[in-house]
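Data block below; observations after.
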Amino acid sequence: MIARMWHGITPTEKADEYLAFLQHRALPDYRGTAGNVAAYILRRADGGVTHFTTLTYWASLQAIEAFAGADISRAKYYPEDAAFLLEFEPTVQHSELYS
């Protein structure tokens, strides 16, 4: 299994609204892709900014490619992200998952 981690930062005053967006738009997109095993959102307030990490688990690299496109290291963004994010990190991290 492969874990995919994306990180983004919003102004803290937009954090609740961004969380709602992620829950209603991004999580269903992840979970609706064949080969997605699980999807979670991590949130951490740090003064005037709030950090978000999406942590998704995938059955294979091919499943990630079906979600993210041919270059699986590239972050996938939604048009709505522009209203919330302070920057657009270009890449994500992948790690093999063992139990």
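Any read-out appearing in this document is the output of simple, stated calculations on the displayed coordinates, not a laboratory observation. These numbers come from a predicted model, not from an experiment. Using ideal geometry, Cβ is built from the backbone for each residue, glycine included, and neighbour counts are taken over all protein chains shown.
Taking the Cα centre as origin and putting +1 on Lys and Arg beta-carbons and -1 on Asp and Glu beta-carbons, what dipole magnitude results for segment 2-88, to the nearest 20 debye?
260
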Legend entry - Potential lengthening between GLN93 and LEU42 on full extension [0.36 nm per residue; Cα-Cα distance subtracted]: 16.9 nm
Inset, instruction - Starting from the amide H of THR50, placed 1.01 Å from N in the peptide plane, find each other amide H under 5 Å away whose residue is 5 or more places distant or on another chain. - result: THR10, THR12
Legend entry - Exposed chymotrypsin sites (Phe, Trp or Tyr not before Pro) absent - longest run of the chain, DSSP non-H/G/I/E/B, at most 10 other C-beta within 10 Å: 1-87
Legend entry - Around ARG74: net Lys/Arg minus Asp/Glu count, Cβ-Cβ under 12 Å: -1
Legend entry - Overall dimensions of the chain as given by Cα atoms, namely Rg and Dmax in Å: 13.2, 38
Legend entry - Loop GluC sites (Glu not before Pro), the chain (other Cβ atoms within 10 Å of the site Cβ: 15 or fewer; DSSP): GLU87
